[in-house]
Every structure is written in C-alpha cells, then in structure tokens.
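Structure record follows, encoded as structure tokens.
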Amino acid sequence: MNAQAYLNRIDFQDTITIKKSVLFKLQKQHLLNIPFENLDIHYGRNIRLSIMDMYQKIVVEKRGGFCYELNGLFCDFLKQIGFNAKLISARVHTKDAHYSPEYDHLAILVQLDNHNFLVDVGFGKFSLEPLEIEIGQRILDKYGQFQFDKYDANYFRINEVKNNKLIPQYIFRNEERSLSEFAERCMFHQTSENSHFTKKKLISIAKKEGRITLNNSQLKITRMGVEEQVDFEENEFDAKLKQYFDIEIG
C-alpha cells in the first residue's frame, strides 16, 4: 500500500506522528472523504477481502465500500504508519433486540498510551472521531453522544445516547481477528436475500455541515440539521451518483 496515496485520498496534510490527535483526525478525514457504499453488490461485482483489491477500489478508483472493506483497509493502513491497531468482530443490535452473528461487522481497536480506542469508519452514521473505551463515561462527539457498558462478562457494548437513554449499537470483544475470518459473513451480505445490503443500493458520506445519502430512488441532503429529501426515478440513479459522489460504475 502506498501510504502517501492513502493520505492524499483522505485529504490529510499534517505530519504523521503516533498520537491521539493524529488518530482522531485520520478517522475524521476518512469519513469526510470516503463514502460508505454497497454498490458492487448491485452491479454484480464480487467483493473480496484482499488488501490489494480494497486499496485499488477505495484509493486508486476513489470509491467507497462497506465495513469489511473500509475498516479492513484502514486498519492495515494504521498499522503500516505505526499505530497499534487490530481488527475486531462486532455483533450488531437488531430491531428485535437481539444481536447479529459474530463477524457481522468489522471494526478496529487501537491501543495508544495505555488507552483503548474504538475506531470505526464503516458503520454509516456513527461517531466522527474514535471513542475511548471507558465504561460508563458519556462521550461527546460532533455526531452525537456515546457510552460504553458491559453487555456481559465477555462483551463490551457501544451505545448511542438519546434523550438520556442508551440505544445499543453493537457488542464486541477485545480479541484480535484476521481479515479472512470475515469472509463467510462478507459473502452472506453480498448474496443473501436476508441481508439488508442486498435490498437496495446505498451510498452515504459525511460532510462538515451534514451528510449526503443516496439510494435507488431517493436523495437525502442534511445541512446544519435540516434535511432535504428528493425522490426520483430509479433509472436516474447513475446520474445522481455521478453528480453527488463523482462515481461512475460501468
């Protein structure tokens, strides 16, 4: 991987040093420049868990990806530039108040100055900056409030805080995983009718003033807390993709 090309892709122009402020800015710049998207699934393109393939797609071709790609590549990049980073498996909270299977979500843990940080650039609208794992502490982030607790003896849980209520996001263990361990679940999300990723096209990116999200027939633009929604015909999707994300998929 060409680290400088990656830095250019996320418009990071500061000096790389192994410290908290740099880690926080790297995640922020990543989220502001690389979209979350599942488009390959709908254009019949197989997503393989290969660092080379993910680098080609995300950095060279200036595309986005979903959690396995975005966090998989970002973790590899963080390790290359000197951070103590590792992949972890997360189980996502579901509408029926259960948790999805192991390897359903891929996230990153970074150990820095004897503190652990949850780093995630592949969970759609989540935190803008890494979250320090301190049980019971309210964390203020530009995108909301978050708090960790223990789900059970083995799992940590990250929650979003809304109206002083903890809204579970996912559970995870502090256990390093290899990228290959996520292959089966990655294939499930590309092929199964039971995966929400196969239901419709989705691409979304954070912006300094809000967010832009595009699906099959709807565009949502949020600026300063005000959301504008535009409905369109599905055959207009490719034009909207080019207009708002500068992406063309042949």
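The values are calculated or read from the model by the stated rules, or taken from the named source; none is laboratory data. The shown structure was predicted, so the numbers you read here are calculated from the model rather than taken from an experiment. Heads up, the Cβs are rebuilt from the backbone with ideal geometry, glycines too, and the neighbour counts pull from every protein chain shown. We work out accessible area using only protein heavy atoms, side chains counted, and drop any ligands, DNA or RNA first. Shrake-Rupley method; radii C 1.70, N 1.55, O 1.52, S 1.80 Å.
For (1) closer than 25 Å to G225 by Cβ; (2) modelled with pLDDT of 95 or more, each residue gets a yes or a no:
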{"position": "D96", "(1), (2)": "no, no"}
{"position": "D104", "(1), (2)": "no, yes"}
{"position": "L131", "(1), (2)": "yes, yes"}
{"position": "Q147", "(1), (2)": "yes, yes"}
Open item on the list: Out of the residues in the stretch 89-125 meeting the condition of being on the phi > 0 side of the Ramachandran plot and of a type outside the set (A, V, I, L, M, F, W, C), tell me which one is most open to solvent (accessible area, probe 1.4 Å).
Closed with: N114
TODO: Would you point out which residue out of L128, L140 is outside any strand (DSSP E or B) and either open to solvent by 50 Å² or more (accessible area, probe 1.4 Å) or closer than 18 Å to A206 by Cα (or both)?
DONE: L128
TODO: Output the number of residues of the stretch 184-232 satisfying the condition of being acidic (D, E), assigned to a loop (DSSP other than H, G, I, E, B) and closer than 30 Å to K25 by Cβ.
DONE: 1
- [ ] Could you list, in sequence order, all residues of the stretch 30-42 that are over 14 Å from F126 (Cα atoms) and either open to solvent by 60 Å² or more (accessible area, probe 1.4 Å) or not in a loop (DSSP other than H, G, I, E, B) (or both)?
- [x] N33, E37, L39, D40, I41, H42
Open item on the list: Can you tell me how many residues within the stretch 233-249 are in a loop (DSSP other than H, G, I, E, B) and open to solvent by less than 100 Å² (accessible area, probe 1.4 Å)?
Closed with: 2
